[in-house]
Every structure is written in structure tokens, then in C-alpha cells.
Amino acid sequence: MQASLLSAAERRRPWLLLSPTLAALIFLMVIPIIIMFIYTFYTFQTAGVETRSFNTANWHEFFTDPYYHRFLLKTFRIALETAVLCGIMAYPPAYFIAMSQFKHKWLLLLLLIVPFWISFTIRTFSWIHILGEQGVINASLMGLGIITEPLPLLYNEGSVIMGMIHFLLPYVILNIYVSLEGIDRNLISAARTLGCTEWQAFREVTLPLSLPGLGAGLLLSFVLAAGSYVTPQILGGRSDSLFGNLIFNTIMKELNWPMGSTLSIVLLVLLGILAVIYSRYMGLSTIFKGLSR
């Protein structure tokens, strides 16, 4: 009897320890999402006014109006381009940090996370002084006589992608670094002993074993880019708004909470499906490891 009581207490202990976190998740995430989902069935009357007549008009509008589909496809295309570019640019510095023989490697990681000490909004605004008509690039090129008028480097799709890469690149580097740091160096030495060149050892051993970290970085950058609002708002033009900007305008400018909730749920579900697919084949633990460095 005593043993069974102790066993029951031990079984309850993990849930008791997790209860504060679970409560926070339920009240700060699950319940707001449920309320938002309920709002999708409300009827919009006028700015800030809706009725509780449950219907599927908002969902029907989303699925039948190509206006929303174009925004969604454009958002996913830009997010994919951003993620791919982040992966290409992040692998070399991550490899350098992981394989470096530098005694104080933590300094390299410190330099990597220094940008996080500056406000994301301030870092985004700084690109205006770099890419603008009077920015550093145009001023330098005009001063050297290479161009006679400023180049249109700002308020376009390219500047939006560049701004998101600036924001997301450290996350991708950290995820790849964690994956590379976990590789047993004896495997690389064994490959070299068996006759592999340095490039062959990288291609056959290092690269395959680092793919989970690369995949985690790509997923993380894609999800954050797809949900981005601030960067397109600051660095993009009117034609460069993404789905997040559409949600903001629908809720904050049109005060159409039912339609804005519908669009939010759509983006949440689509990105959630992507995360589930990744978790099914790769696992999300690599992302959590990268974020905890």
C-alpha cells in the first residue's frame, strides 16, 4: 500500500512541476487562440462592430477571394527566398565557428548575438540610412562618380528580403552551429584515414550530419519571415506588403475583427502544418537547442 502511494505521488510530481508553465501556456496562448477562432464566425457590421450571428461568411470570403490567395502565395514565396538565402549565407560562418581552434570560441558566439542587444525596430530603420536615396551606398557611388542619380534600393521586395535576412541570419547560424558542434570529430578523422580528401570528408560526413541543424534554421527563418510585419512595413512599398501586414490592416485600420481573426487562424494553421511535417521527419529539438544557446 505504501509503495503504491509513493508511486502515485511520484507520477503526480512532474505534472505539479509543470503546472505553472502549463497554466501560462493555456491562459496566454491556448485560450486567446480559441477566442480568436470563435471570432471568425462573427458577422462584421461596421468599423469595430460585429454581431454574434455564427456563420461561415468570413471563411467563404477567404477561400473564394483570390485577393487573399495572392497575398498568401507572395508571403510564402518571399519567406522561402529569405530562408534559402539565410541557409546559404549562414553555413560558412557556422562552420567556421564550430571548427575553429580559437581558444576563446565564446567570443565568436558573443559577436554573433551582439545584434540582439539592439532593438529590432532600430536595426530595421538603420537600413533606410544605408539603402535610401541619401544613404551610404548611393552617396558613396555618387561621390565616386559611378552613378549620376540614386539607385532605387529601398522600398521594394529586395530591401524587405535583405532586412529579414539581417534579422534572421543569427538564428540560422546558431542552429547550424549547434548541429556542427555535436558531430563527433573522430568520424571526420576516420574518413580522412580511409582516404577521403578534406572536401570528401565534409561532403560525406560533416554535411549530412549537420542537415538537421540546417533544416531547423530554414524552418525557423521561414516561419518568422512568413509572419513578419515590421520589416515589410518599414522597408517595403505599398506593393510589398505581406500577409502579416494584411492582417494588421484588417484589424487595426478596418477594425474588422472577424475577418482579421480568420486570416490569423489561416496563417497559424499553415505554419503549424509546416512545423508538424518538419517535426515528423526531423524533430523540433534542434530548434530548441539553437534558441537556448
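The values are calculated or read from the model by the stated rules, or taken from the named source; none is laboratory data. Nothing here was measured: the structure is a model prediction, and the numbers come from that model. Note that each Cβ is placed from the backbone with ideal geometry, even for glycine, and that neighbours are counted across all protein chains shown.
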| Between residues in the stretch 70-95 that are farther than 14 Å from F243 by Cα and in contact (Cβ under 8 Å) with a residue 40 or more places away in the chain and residues that are buried (at least 17 other Cβ atoms within 10 Å of the Cβ) and of a type in the set (F, W, Y), which pairs lie under 6 Å by C-beta distance while being six or more apart or on different chains? | A83/F222; A94/Y177
| said: Here is a list: A23, A98, A79. Which entry is in contact with an Asp or Glu (Cβ under 6 Å, 6 or more places away or on another chain) and not acidic (D, E)? | reply: A98
| note | Result of the Cβ filter at 9 Å on the stretch 246-265, keeping first residues that are in contact (Cβ under 8 Å) with a residue 40 or more places away in the chain and more than 20 Å from G236 (Cβ to Cβ) and partners that are assigned to a helix (DSSP H, G or I) and among the acidic types (D, E), at least 6 apart or interchain, is M259/E61; T262/E61
| query | Assuming T46 fulfils every condition listed in (1) closer than 23 Å to Y229 by Cβ; (2) more than 25 Å from the chain's Cα centre (by Cα) apart from one, which condition is it? | reply | (1)
| request: Find all pairs meeting these conditions: Cβ atoms under 8 angstrom apart; at least six residues apart or on different chains; first residue within the stretch 160-182 and free of Cβ contacts under 8 Å to residues at least 60 places away in the same chain and of a type outside the set (S, T, Y); second residue crowded, with 20+ Cβ neighbours inside 10 Å and not in a helix (DSSP H, G or I). | output: H166/W127
| query | What helices (runs of 4 or more DSSP H) lie completely within the stretch 199-249 and have 2 or more residues being over 20 Å from T262 (Cα atoms) and of a type in the set (S, T, N, Q)? | reply | 207-226, 230-235
| Residues in the stretch 159-175: is at least one polar (S, T, N, Q), more than 30 Å from T206 (Cβ to Cβ) and not in a helix (DSSP H, G or I)? | no
| note | Note on the stretch 224-245: residues buried (at least 21 other Cβ atoms within 10 Å of the Cβ) and out of contact with any Pro (no Cβ under 8 Å at 6 or more places or on another chain) are A225, A226, S228, T231, P232, L235, G236, F243
| message | Between I78, I88, which is within 18 Å of the chain's Cα centre (by Cα), within 22 Å of L209 (Cα to Cα) and either in a helix (DSSP H, G or I) or modelled with pLDDT of 90 or more (or both)? | response | I88
| Restricted to the stretch 134-147, and to residues that are surrounded by 14 or more Cβ atoms within 10 Å (Cβ to Cβ) and either touching a residue at least 60 places away in the same chain (Cβ under 8 Å) or not aliphatic (A, V, I, L, M) (or both), which residue is nearest to P170 (Cα to Cα)? | G135
| task | Only one of these is of a type outside the set (S, T, N, Q) and within 18 Å of G227 (Cα to Cα): F71, F63. Name it. | result | F71
| remark: Counting only residues in the stretch 183-198 that are in a loop (DSSP other than H, G, I, E, B) and without any contact (Cβ under 8 Å) to a residue 24 or more places away in the chain, the one nearest to the chain's Cα centre (by Cα) is identified as D184
| message | Quick check on the stretch 199-239: of everything there that is more than 18 Å from the chain's Cα centre (by Cα) and of a type in the set (S, T, N, Q), which residue is nearest to L169 (Cα to Cα)? | response | S210
| Under the condition of being of a type in the set (A, V, I, L, M, F, W, C) and over 15 Å from A57 (Cβ atoms), which residue from the stretch 243-265 is nearest to the chain's Cα centre (by Cα)? | F243
